[in-house]
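Data block below; observations after.
The values are calculated or read from the model by the stated rules, or taken from the named source; none is laboratory data. What you see is a predicted model, and the numbers here were worked out from it, not measured in a lab. Every residue, glycine as well, gets a Cβ built from its backbone with ideal geometry; the counts of neighbours run over all protein chains shown.
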Amino acid sequence: MTKRPAHIVVIGGGHVGLYTAHRLQHRLRRGLRRGDVRITVVSPDPYMTYQPFLPEAAAGSLSPRHVVVPLRRVLDRCRVLAGQATTVDTARRTVTVRTAAAPHTPGGTTGADADADVTGDTTGPGVVHLSYDELVLAPGSIARTLPVPGLADHGIGFRTVEEAIGLRNHVLEQLDIAASTRDTDVRDAALTFVFVGGGYAGVEALAELEDMARHACRHYPSLRPEEQKWMLVEAGDRILPEVGDRMGAYALRELRRRNIDVRLGTRLESCEHRTAVLSDGTRHPARTLVWTAGVKPHPVLARFGVPLDERGRVRCTPTLQVQDTAHVWAAGDAAAIPDLTSETPGALCAPNAQHAVRQARRLADNIAATLAGRPLADYRYRNAGSVASLGLHKGVARVYGRRLTGRTAWFVHRAYHLSRVPTVNRKARVLAEWTLAGLFKREIVSLGSLEHPRAEFELAAGTPRDPEDT
């Protein structure tokens, strides 16, 4: 009787999902070649977004295609299933995946999963049941929003490459609006840019875009850079807490030196009618409001039947196994993993890329050890430091206790992330584009029409655009 191959299912195609599957390819290459092991990666997107590069993509220093890593190219020995895992049955070891709707095949499975390891029939078009021997939960996180009036209508997120490029187009469009109107109220609102959240995403996005917009003003004779009003709203008493107090204070001074209005201990209370109302009582008409105030674990975890902590993260052991749940593993933003290097009792690993990449490697090694009957190892890693960009040629860094600022920190920031982005192909493309960006001026073209590519044809055909298509 032929032995059924071991099936490893990875839910999520982000940092943890990609790096775990990639390392498993290496560790289990003989089993994959012989057909003893199968790996399936379930991800809504066919690519992994390297989020630390989003600010540079928004500012035009990097092309959008170089910020993402195609899963199918990197995971050439894995099956990549485009879809969203909806439920997990840990008793039967099955995962339900909602894929794009597809016609039924004679065998009862969807075309997208005709060769997958499937148990039972699909329950509807595009719904697939996968069986697994080992399951990795890495759905990542989503933006943590608050019930702020008007936020859903006017806020812009900054977690995906689509949002980064959309924000770039939006900022350049505001310069066009300001340059083409004599209405002072419209002009002031168009030139006011409000960012909420003083962490990495908020500070780096604001700093890069402010650099870009100030440079773009050279090509608008009717605009002066000092007319722009850039604001950073942070509820805490400091920005960039990850780089430490001294480097955070330096970053604050650097932003304020550039006439960026940083408001600490302040919250956004409303942004209805395109007016940012702050908790200090001030009101700021603004056509741009970017929300970067933290993240939270993906809510789909609540339907997986695994133990969660008070923040919605999966409770894990130091070996990255899910507590009290056999054959299920987790890592990254969505996992509560004990920090064995901390002297604080009960401390957990921070949800950042440094931990995610290293957890993925340990997780893959432990799964390989499980299949081979070897003992598991605990995840243990002491943070080497943090780096942050404050715009072109500006940055802060704290690396192995050393504090760096300015151009040196900016260079370390780029060097670190270049070393972390997956594949030699991607590294070479990013390095080449950085080199070209250093030789030529920034591009300041807005391609906002990309969001509605059929609009011109529909107008020519006399068919009004359906809002459902946007």
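As a summary of the residue check, VAL396 satisfies the conditions (1) in contact (Cβ under 8 Å) with a residue 24 or more places away in the chain; (2) aliphatic (A, V, I, L, M); (3) in a helix (DSSP H, G or I) except for the one numbered (3). Taking region 135-156 as the range and being surrounded by 24 or more Cβ atoms within 10 Å (Cβ to Cβ) and either basic (Lys, Arg) or in contact with a Lys or Arg (Cβ under 8 Å, 6 or more places away or on another chain) (or both) as the test, only LEU135 passes. Restricting attention to region 137-155, the residues being closer than 30 Å to ALA364 by Cβ and of a type in the set (D, E, K, R) number 1. If the condition is being in contact (Cβ under 8 Å) with a residue 12 or more places away in the chain and charged (D, E, K, R), then region 270-299 contributes GLU272, ARG274, ASP280, ARG287, LYS296. Pairs meeting the criteria (first residue in region 142-164 and touching a residue at least 40 places away in the same chain (Cβ under 8 Å), second residue assigned to a helix (DSSP H, G or I) and basic (Lys, Arg), beta carbons under 7 Å, at least 6 apart or on different chains) are HIS154/ARG274. The test for being out of contact with any Phe, Trp or Tyr (no Cβ under 7 Å at 6 or more places or on another chain), in a loop (DSSP other than H, G, I, E, B), among the basic types (Lys, Arg) and modelled with pLDDT of 90 or more does not hold for ARG442. Give the residue that is nearest to the chain's Cα centre (by Cα), with candidates limited to residues of region 362-394 that are modelled with pLDDT of 95 or more and basic (Lys, Arg). Residue satisfying both the conditions and the ranking: ARG362. Between GLU254, GLU208, the distinction of being outside any loop (DSSP other than H, G, I, E, B) and either in the same structural domain as PRO52 (by TED's automatic domain parsing) or farther than 24 Å from THR145 by Cα (or both) belongs to GLU254 only.
When ALA276, ALA330, ALA335, ALA350 are checked against the criterion of being within 30 Å of TRP230 (Cα to Cα), of a type in the set (Gly, Ala, Ser) and in contact with a strand residue (DSSP E or B) (Cβ under 6 Å, 6 or more places away or on another chain), a single residue qualifies: ALA276. Look at THR435 and say whether it is more than 20 Å from the chain's Cα centre (by Cα), assigned to a loop (DSSP other than H, G, I, E, B) and not aromatic (Phe, Trp, Tyr). It is false that THR435 is more than 20 Å from the chain's Cα centre (by Cα), assigned to a loop (DSSP other than H, G, I, E, B) and not aromatic (Phe, Trp, Tyr). Can ALA437 be described as touching a residue at least 12 places away in the same chain (Cβ under 8 Å) and not basic (Lys, Arg)? Here the answer is yes, as ALA437 does meet what is asked. If you go through region 330-355 and keep only what is assigned to a loop (DSSP other than H, G, I, E, B), at pLDDT below 90 and small (Gly, Ala, Ser), you end up with SER342, GLY346, ALA350.
Just so you know, in region 293-329 the residues that are of a type in the set (Val, Ile, Thr) and at pLDDT 95 or above include one that is nearest to ILE8 (Cα to Cα), and it is VAL328.
Scan region 277-291 and tell me whether some residue there is surrounded by fewer than 16 Cβ atoms within 10 Å (Cβ to Cβ), over 29 Å from LEU75 (Cβ atoms) and under 22 Å from the mean Cα position of the chain (by Cα). Among the residues of region 277-291, not one is surrounded by fewer than 16 Cβ atoms within 10 Å (Cβ to Cβ), over 29 Å from LEU75 (Cβ atoms) and under 22 Å from the mean Cα position of the chain (by Cα), which makes the answer no.
The single condition among (1) in a loop (DSSP other than H, G, I, E, B); (2) touching a strand residue (DSSP E or B) at 6+ places or on another chain (Cβ under 8 Å) that ASP378 does not meet is (2).
What is the number of the single condition among (1) closer than 20 Å to ALA207 by Cα; (2) surrounded by fewer than 19 Cβ atoms within 10 Å (Cβ to Cβ) that VAL262 does not meet? Tallying (1) closer than 20 Å to ALA207 by Cα; (2) surrounded by fewer than 19 Cβ atoms within 10 Å (Cβ to Cβ), VAL262 fails exactly one: (2). Counting only strands (runs of 3 or more DSSP E) wholly contained in region 4-100, the ones carrying 3 or more residues that are surrounded by fewer than 16 Cβ atoms within 10 Å (Cβ to Cβ) occupy 79-89. The number of residues in region 399-413 that are at pLDDT 90 or above, among the hydrophobic types (A, V, I, L, M, F, W, C) and part of a strand (DSSP E or B) comes to 1.
Screening ALA114, ALA138 for residues that are at pLDDT 95 or above and aliphatic (A, V, I, L, M) leaves exactly one candidate, ALA138. Determine, yes or no, whether TYR416 is assigned to a helix (DSSP H, G or I), within 23 Å of the chain's Cα centre (by Cα) and not hydrophobic (A, V, I, L, M, F, W, C). Here the answer is yes, as TYR416 does meet what is asked. Could you identify the single residue in GLU254, GLU242 that is surrounded by fewer than 22 Cβ atoms within 10 Å (Cβ to Cβ), in contact (Cβ under 8 Å) with a residue 12 or more places away in the chain, acidic (Asp, Glu) and in contact with a strand residue (DSSP E or B) (Cβ under 6 Å, 6 or more places away or on another chain)? One residue alone meets the criteria, GLU242.
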